[in-house]
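For reference, the structure discussed in these notes is given below.
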Amino acid sequence: MILSNQSLQDALDRKWIVIDPEPTPRKPSQGAACPYETTSVDFHLADEIAYIKPGLPFNVDLSQGKFGTLFGPNSESVTITHEQPFVLQPMRLVLARTRERIELPIQPDGISFAARIEGKSSYARFGLIVHLTAPTIHAGFFGTITLELINLGAYPITLRPDIAICQVIFETVDGVPFRNDSQFHGQTRPGGHA
């Protein structure tokens, strides 16, 4: 079952879901955009973009190691600012992350939650894919969310820190899952751990 904005805020108050920093304001008000849609909450772009170094004779073969062991030594990252944004060219893939850190604790005696990350329609209509085929955030996860950003449109897209880049939808989990953390658990930078 998908949480409404009010149910999400109740779960935040109970610490069943943790978002840090917590999105504000909680209700629409004059002069401030409310990040809570009826069934999602906006997350924002952090200040780091990572990508495979251009010109490498690179072949993706995950049978040779996990993502981080392939991406790490073959990648570089840049820090973006409002004055120095990143311009994502058509047909280019980069990794970014959310400013917000999320925690979905497994509740042995309560309700646990999972989440899905989706793009924002305003960017999607210009061809920006925000989370390429891997939208699930599993119960038990904590960390920032890595975004696979690809520009499938015809025009460059300017990426600045703190823009509302995606929306997160929360769902209840039926039963108590056992732990099986992914390689991305606890990630703090695009492409993996710090």
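The values are calculated or read from the model by the stated rules, or taken from the named source; none is laboratory data. All figures in this text were calculated on a predicted structure; none of them were measured in a lab. All Cβ positions, even for glycine, are placed from backbone atoms using ideal geometry, and neighbour counts span all protein chains on display. Heavy atoms of the whole protein, side chains included, go into the accessibility calculation; ligands, DNA and RNA do not. Shrake-Rupley method; radii C 1.70, N 1.55, O 1.52, S 1.80 Å.
Just a few scattered comments:
- Subset of region 133-151 that is in a strand (DSSP E or B) and open to solvent by 40 Å² or more (accessible area, probe 1.4 Å) - its residue that is farthest from E103 (Cα to Cα): E148
- One residue stands out among those in region 8-44 that are touching a residue at least 40 places away in the same chain (Cβ under 8 Å) and hydroxyl-bearing (S, T, Y): the one that is most open to solvent (accessible area, probe 1.4 Å), which is T39.
- In region 140-156 there is no residue matching the filter, namely being among the β-branched types (V, I, T) and touching a Cys at 6+ places or on another chain (Cβ under 6 Å).
- Number of the exception - V130 against (1) open to solvent by 30 Å² or more (accessible area, probe 1.4 Å); (2) within 19 Å of D162 (Cβ to Cβ): (1)
- Look at region 131-145: where a residue is closer than 14 Å to D42 by Cα and a partner is of a type in the set (S, T, Y), sitting 6+ places away or on another chain with Cβ atoms under 7 Å, you get T144/T98; T144/T188; I145/T98.
- Looking only at residues of region 70-83 that are part of a helix (DSSP H, G or I) and touching a Gly at 6+ places or on another chain (Cβ under 9 Å), we find that the one that is most open to solvent (accessible area, probe 1.4 Å) is G72.
- Flag for D47 being more than 22 Å from P135 (Cβ to Cβ), among the acidic types (D, E), open to solvent by 80 Å² or more (accessible area, probe 1.4 Å) and modelled with pLDDT of 95 or more: no
- Here A154, A164 are screened, and the one residue that is surrounded by fewer than 16 Cβ atoms within 10 Å (Cβ to Cβ), more than 26 Å from G72 (Cα to Cα) and at pLDDT 95 or above is A154.
- One residue alone among R179, R189 is surrounded by 15 or more Cβ atoms within 10 Å (Cβ to Cβ), of a type in the set (K, R) and at pLDDT below 95, and that residue is R189.
- Among the residues making up region 84-127, those that are outside any loop (DSSP other than H, G, I, E, B), modelled with pLDDT under 95 and over 17 Å from Q167 (Cα atoms) are L93, S112.
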